[in-house]
């Protein structure tokens, strides 16, 4: 019974970690979208103001050329100049309103950004360290309860192992950057597995339990193949 309580406590921590990560990601995405929207709007207004300034100069030149000929009626040219002035006036007002709105918004943006990338990021790190310590403790408790002959590689294990692989193949640090060739090998293995539960591990990386005996995808981790191969007896995962 105590073991089930421990695992339930760990599940709560893992769920909290997931919720924090989703909140962090979602909020950062919203902040990024808003920032890009502001930048795009500013760039659009800048381009329109530039266009109408050039158009005003062109229309004023056309009006002067028309006025130099006393026999011409320059009414249409004068109307065109007035329209250019009106367009620039509207754009100037829009630009002023945008700058005012951005000025009022940015302090809130910065406070939320500092919260997400400061306190919440620190909380995520502290939570991750707590989870790892709890997992290490549970691993020792589970090993002492199960003994050396305990086997975990059943159907449930293979199902959750597959879920873990599919959830982490694109973004896990062990499979990216310098380990990109490992990810390529794993993606090939995934394609070859088709609808089967079993996905062959890449040569250099294996999937192992954090806590032996608990078959849940969040309890798996990527580890060097040598770590698993050289475990003996009850410690092999």
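Every number here is computed from the coordinates shown, using simple stated rules; none is lab data. Please read all numbers here as calculations on a predicted model, not as lab measurements. Methodologically, a virtual Cβ is constructed for each residue, glycine included, from the backbone with ideal geometry; neighbour enumeration extends over all protein chains shown.
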What residues from the range 22-54 fall in the zone where the backbone N is under 12 Å from a label point 7 Å along the Cα-to-C-beta line of residue 94?
41-52
Taking a label point 7 Å from the Cα of residue 31 along Cα-to-Cβ, the residues of the range 83-125 whose backbone nitrogen sits under 16 Å from it are 105-125
Work out the FRET efficiency for residue 106 and residue 190 from their Cβ-Cβ distance, taking R0 = 41 Å, and round it to the nearest 0.05.
0.40
Simple spin-label estimate for residue 121 and residue 217 in nanometres, 7 Å along Cα-Cβ
2.7
Proxy exposure order for 10, 45 (fewest C-beta within 10 Å first) is 45, 10
Provide 132, 55, 104 in ascending order of the number of other Cβ atoms located within 10 Å of each residue's Cβ, fewest first.
104, 132, 55
